[in-house]
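**Q** Quick one: structure below, then a few questions.
The values are calculated or read from the model by the stated rules, or taken from the named source; none is laboratory data. Predicted model only: the values in this text are computed from it and were never measured. Ideal geometry is used to build each Cβ from the backbone, glycine not excepted, and the neighbour counts take in all protein chains shown. Just so you know, the surface numbers come from the protein's heavy atoms only, side chains and all, with ligands and any DNA or RNA stripped out. Shrake-Rupley method; radii C 1.70, N 1.55, O 1.52, S 1.80 Å.
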Amino acid sequence: KLAEAGGLAPDDRVELIKGELIDMTPIGSRHAAVVDRLTEAMILRFQREYQVHTQNPICLGEDNEPQPDVAVLRRRGDGYAHGLPTAEDVHLVVEVADSSLAIDRDIKLPLYAGFAIAEAWLVDLESNRIEVHSGPQPGEYVHVDRYRPGMTLQSPTLGLTLDVDAILPPL
């Protein structure tokens, strides 16, 4: 509502988390490359089943409008033109983290779990790994699988497998 009322500049990069506006960190080239690779892989795999939402907001209650790097959503006739996706629409969220690692791990993942989003991935560019979180409980995911280059990632909820090397660019 603040953006619609002109309270934010068009180039302001913020997310609404727990009622507060949080500045989003700048996107570097490695981060952008991973988001592009994930988006392409998801679209190729899910183009008929699901809608792939890239760096767009999702509505989690009145006080939260995070913008995951990638979200896999149920298909809706209007393509979400008449309302943002809500937790019930989201099958998977992906956060790509470099300088945003603490916010993604400590704030956003517990938020997604609290809204019962079935699966969340944290692509940790610092550690060069992908964490697949599943089994949401209030405030946390109870199951975490970690994948490194040379491994094949398996999604426990979507039946998706991906070569980690195809997602993480070389250091």
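**Q** Distance from the Cα centre of segment 31-61 to that of segment 107-135, in angstrom?
**A** Measuring centre to centre over Cα atoms gives 15 Å.
**Q** Take the chain, connect every pair of alpha-carbon atoms lying under 10 Å apart with a spring to form a Gaussian network, then pick out the residue of LEU92, LEU44, LEU153 with the largest mean-square fluctuation.
**A** Top of the fluctuation ranking is LEU44.
**Q** Under a crude label model (7 Å from the Cα following the beta-carbon direction), how far is ALA33 from GLN47 in nanometres?
**A** The modelled label-to-label distance comes out at 2.5 nm.
**Q** Okay, moving on. Pick the calculated log10 I(q)/I(0) by the Debye sum over Cα atoms at q = 0.12, 0.17 Å⁻¹ for this structure from (1) -0.68, -1.05; (2) -0.75, -1.15; (3) -0.51, -1.08?
**A** Among (1) -0.68, -1.05; (2) -0.75, -1.15; (3) -0.51, -1.08, the one calculated here is (3).
**Q** On to the next question. Short version: ³J(HN,Hα) in whole Hz for each residue of segment 62-73, in order, from phi by Karplus 6.51 cos²θ - 1.76 cosθ + 1.60 (θ = phi - 60°), x for Gly and Pro, what are they?
**A** Result, rounded to whole Hz: 7, 10, 9, 9, x, 10, x, 4, 9, 9, 9, 10.
**Q** I'd like the orientation of helix 29-46 relative to the chain: the angle between its Cα long axis and the longest Cα principal axis, in ° from 0 to 90, rounded to 10.
**A** The angle comes out near 80 degrees.
**Q** Over the chain, give the accessible area per residue in Å² for a 1.4 Å probe, as an integer.
**A** Working: 8790 Å² over 171 residues.
Each residue of the chain exposes 51 Å² on average to a 1.4 Å probe.
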